[in-house]
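Here is the structure we will look at.
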Ligand code: C5P
Ligand code: MG
């Protein structure tokens, strides 16, 4: 059944209660945000981490693209427009999709405990604040740092087969701009809290994965 991201119905009576605490407690749910410019290799490294360590991987971009394609979605056109222009979709949409996906993953696993890699989120400071206030606080941020030139080459290469509406030269330019202006402040914000683990994402995927594991072990211990 298609998922709806609408707020619960209240029969026209009262508005939904204002949440006073996050949906998930960090003692049950571990959240690692995975950030980096477009083409830095977030998705590739998340796939490696899932395979080896059993995280649940949620890509904000993938969730938005799925919602865009979902028949009956009231947000399809809006999402399409934002993605094509490399802009950040209004946070309510993305946060609700993430919360739904987390709830679904926990239900499926039959446990209240889970470990999530949240990839490509938060891309804007308001998303960071709202998510931590209403969904779950984040344990740390894994930041894949990569020069624009390298990311551009990767995206143009991926664009040959990805079918993505934003893997073209013009959209890529806009995405880089959004990354610098809007998303880097999020990395800086978490850096000030000492939560960022930065990995040089220029080398091959295998090399980046080795470094990622090393940094994560240093930060979280061998059993992460
Ligand atoms: O992470 P990915 O490259 O798949 O994201 C594609 C696009 O989805 C972004 O350029 C942006 O338009 C949208 N997006 C967003 N907010 C997020 C993640 C992605 O608006 N947190
Ligand atoms: Mg991705």
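Brief remarks on what is shown
- Sum of -39500 (n - 2.57) over DSSP H runs of 4+, divided by residues of the chain (222 nm, nearest 500): -15500 deg cm²/dmol
- Maximal additional length on extending the residue 19-residue 145 stretch stands at 41.9 nm, based on 0.36 nm per residue less the C-alpha distance.
- The alpha carbon gyration tensor of segment 76-169 gives principal lengths a ≥ b ≥ c with a/c of 1.5 or higher and a/b greater than b/c, which makes the shape prolate.
- Three-way shape call for segment 18-71 based on the alpha-carbon gyration tensor, with the a/c threshold at 1.5: oblate
- For q = 0.15, 0.19, 0.27 Å⁻¹, Debye-computed log10 I/I(0) when each Cα of segment 146-224 counts as one equal scatterer: -0.72, -0.99, -1.19
- Taking the convex hull of the alpha carbon positions in the chain and averaging its projected area over all directions gives 13.2 nm².
- Cα shape, segment 40-115, gyration tensor, a/c 1.5 rule: oblate
Rule-based calculations on the coordinates, nothing more; no lab input. Nothing here was measured: the structure is a model prediction, and the numbers come from that model.
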